1. Taking Cα atoms, how many degrees apart are the long axis of helix B:54-74 and the longest axis of chain B, rounded to 10 and kept between 0 and 90?
2. Counting other Cβ atoms within 10 Å of each Cβ, which trypsin sites (Lys or Arg not before Pro) in region B:54-111 have at most 14 and sit in a DSSP loop?
3. At 4 °C and a viscosity of 1.567 mPa s, what translational diffusion coefficient does Stokes-Einstein give for region A:40-133, taking Rh as the Kirkwood radius over Cα pairs? Give it in µm²/s as a whole number.
4. What is the Cα centroid distance between region B:117-137 and region B:68-107, reported in whole angstrom?
5. At a 1.4 Å probe radius, carbon and sulfur cover how many percent of the accessible area of the protein assembly as shown?
6. Pop out a list of residues from region A:345-388 that are at least 30 Å² less accessible with all the protein chains around than in their chain alone; 1.4 Å probe, no ligands or nucleic acids counted.
7. Using only protein heavy atoms and a 1.4 angstrom probe, determine the accessible area buried between A and B, summed over both sides, in Å² to the nearest 100.
8. Okay, helix-only estimate at 222 nm for chain B: each DSSP H run of n ≥ 4 adds -39500 (n - 2.57), divide by all residues, round to 500 deg cm²/dmol; what do you get?
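The values are calculated or read from the model by the stated rules, or taken from the named source; none is laboratory data. Note that the structure is predicted; figures quoted are calculated from it, not measured. Heads up, the Cβs are rebuilt from the backbone with ideal geometry, glycines too, and the neighbour counts pull from every protein chain shown. Surface accessibility is based on the protein's heavy atoms, side chains included, excluding ligands, DNA and RNA. Shrake-Rupley method; radii C 1.70, N 1.55, O 1.52, S 1.80 Å.
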Amino acid sequence: MRICLRKVDLPLSPAPISICRMTIRTARPNRGQHFRPRTHCLNKLESIVVEMQDPKSGVKGSEQKLNVSTIPHVITGKDVIAWITNKMKTTPEEVQAFGTMLVAYGYIYPLQNHKKLVLCNDSSLYRFQTPYFWPTQKWVAEDSDYAIYLAKRNIRKKGMLEAYEQAHYSHLHDWLNHKWDFIVMQATEQYKAGKERNKPDRVVFDCQERAYWIVSRPPVSEHCCVKSNDPNESITTISTNIFYQQAIMRSKVKSSVSLGALTKYVTTYKNHDPFLAPCLPSNPWQTDHDAYWTCNTRIDVPTKMRVERWSFSLFELLSDLRGRDDFKVFLKKEFSGMPPHLMRHLSNLAFWEAAEELKWGTASSMTSKAETIFKTFLAPGAPRWINIDGRTMGLTVKGLDHPHRYVLEAAQTHVFLLMKKDTFFRYLKSPVYKDTQKNALSPAPHNFSPAQLEQNAQNRSLGVHPVIVWQQEEEEKAKAAAASAPVDVKAMMSKIDRKK
Amino acid sequence: MCDQTFVAITFGPCDCCGKASPLMNIYIKSEATNYCSFCVEVMATQGLQAGESAASLKKESDSLKKKLEEERAKLSDIELSQVAEKIEVLAPLSIKTRRVLKGHGNKVLCMDWCKDKRRLVSSSQDGKVIVWDAFTLNKEHGVTLPCTWVLACAYAPSGCAVACGGLDNKCSVFPLSLDKNENLNTKKKSVAMHTNYVSGCTFTSSDMQILTSSGDGTCALWDVESGQLLQSFHGHTADVLSLDLAPSETGNTFVSGGCDRKANVWDMRSGQNIQSFECHESDINCVKYYPSGDAFASASDDATCRFYDLRADREVAVYQKDSIIFGASTVDFSLSGRLLFAGYNDYTINAWDVLKGTRVSALFGHENRVSRVRVSPDGTALCSASWDNTLRIWS
């Protein structure tokens, strides 16, 4: 338990009020299930707010009459907007957004509609909040402080609390019951101290305090932006050293090479990016017509753009199932019935697919999948024997004794690199690919009239639910498996996986 | 494609204990060896060897850190802005709101697209998870979780399930059913179990595994069917807020960002932390890979987004502006990687030119913080989720 003495000096407020508060605090690290605060921006905000209050170059203030007394230093919303526009030199929307943030975080508070935390670009009146009530990381708006505040208002005038405040008050009364006497005592003390101030000061302070609590305990349950959290800092230096050593030894590439590759990627894909180039026939979100999606399914004739994309990398070709189909057609045509050193092109892809299914499959299916793969691809004399170097083969076969999902990593990498550096380029030069390119479609761009666009919006197509698509694909796979060679890995795989 | 990670030996007999298991590539006295994660931990916890002291270890740590920085500096022979000079300037973008998805009763915290390019799943603070067909604005499925603040949700690659988690410290998988009357809660599968909130989750290439990040400082890979923990990733010293899987054919690495201001790159197979970047001045809220897999971007509370080159192992760009003071909570790249969309706590979304480092466009419309932005799988639209209870589709 810590007893904290807080005294505040307010150089910027014209009527300095010093407050002495004693609060008993339990010092426990606040690492509960709270959403963490994002308060790094506060330092920058504070410096700007200080600038805004500069008597010469800041926002112009005036006085507001309230019954008998006068409240000094009142500013209008439009003056604030004008000052920010002048300082930041940016668009009106951004200035509005920034101004609203100043109010939302409690640096400026509205005098008229005090619960709506927005900056209005008109003659609505605002005041700068006193620094004592600025959001900081240094002290937290604790529940006991809030309870004291609500109790004080209750003492001043019964029935003054709003509905949500009443709800808070009842809740706090329940769970702070053990120190309720202390809270009431504090509230009474503060109320008495308040009565001894002169009226203008009291009004100002009440406004400031009320604004502070609107921000810290908002009427709708928004998260409180002021909480703190202690990071946990205990790494063993040895682990760090291990990390640094391997990071140093890791081979790296010169920036000119890697940045060049990144820019090349952007240039290659430029025409395929719907934000940069129009999609043909039209962007479904803009015209409400889904032709762009229906003509790009796994059907017979792909579009020119899609076929072009397959040529960018083996990864693109294999990721697009239609492309993968085309690749398989090429492999069958080119290498069926060829001598073994060329037949390997065929079995490489099948092996790669099988290894992927092993890697991403369920833990329970490991053993059976590994066995099938061994029999089909790796055993001496296997029907689809893959040709990899002796060392990798040895390691892989040994690893299969205790199957693990990554047991085929070395072999799979070897096979993939072969495909990437050899087979892929043969494919791009092949008649199969050239035919596909020739027959590819070039959909004409849509040109809808406003009336047609209205129609489209009324008749948006529902598409097919992915679950149905998946079920259909599973059926297709089963049919294809039944129709092809006796020992087909894919059939076994999907049978094992179809336990859903 | 990071070839180095691709060809590294990550499975085989451990050089220390001999067991066949996933391997970490480390150096002992400048000799390259492959240890399984257990042996590495044993080594680390062995304490001080003869001739070492806590001070000497710290000194070694500092000198190694300095050496790493020197290695990195040797490779910065050119800056991104110089390379970008040869690229033409972008034409002004005209991006408008095309759909507003209303239906959540409280802040929308997370969303994810389905591979069919039109459906998406979103989760909110009141515990509700909704699957929408964003094109027609239909709500297709809904689940209510018993906890509030569902911070993470993900759509399975097959489109047949969704995963979500949050303050309940768990990540659960719900298979989707075509039967409208079925309560999805009956088929719920509790997969991940952490000791603190789950901040991010994603499926891998199949429906069978999920990768989660948590407030307990770790990330973990789980088998969905059995709920078994396949691999855990330790190295962050504070809450991990976000993660993203590499898009390359290898699919073997992922990046995570956390409250310790670090962005770490991990090898999924061995659990090893292979790269680390500490450039931000405050918490990293979101990390996302560049479409080619050779770079990534991060968004942070310090109001900047940064771009890191993985092959040269350094930060290459910072996206910031004086008028942007509020933290960035989320980022995503457009399909070509030329645009970076970032959502901020001042209710706006900014589109940055990745290569030139300038802001191309600012999108206004949300009435509260933007919690998540995601580009659709075919790049045709951008979806943003916000604390104003709505999601918007922009195009």
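1. 70
2. Passing sites in region B:54-111 are B:86, B:96.
3. In µm²/s, the coefficient is 96.
4. 26
5. Carbon-and-sulfur percentage of accessible area, whole number: 54.
6. Residues shielded by partner chains are A:360, A:362, A:363.
7. Counting protein atoms only, the buried area is about 10800 Å².
8. Helix-only estimate at 222 nm: -3000 deg cm²/dmol.
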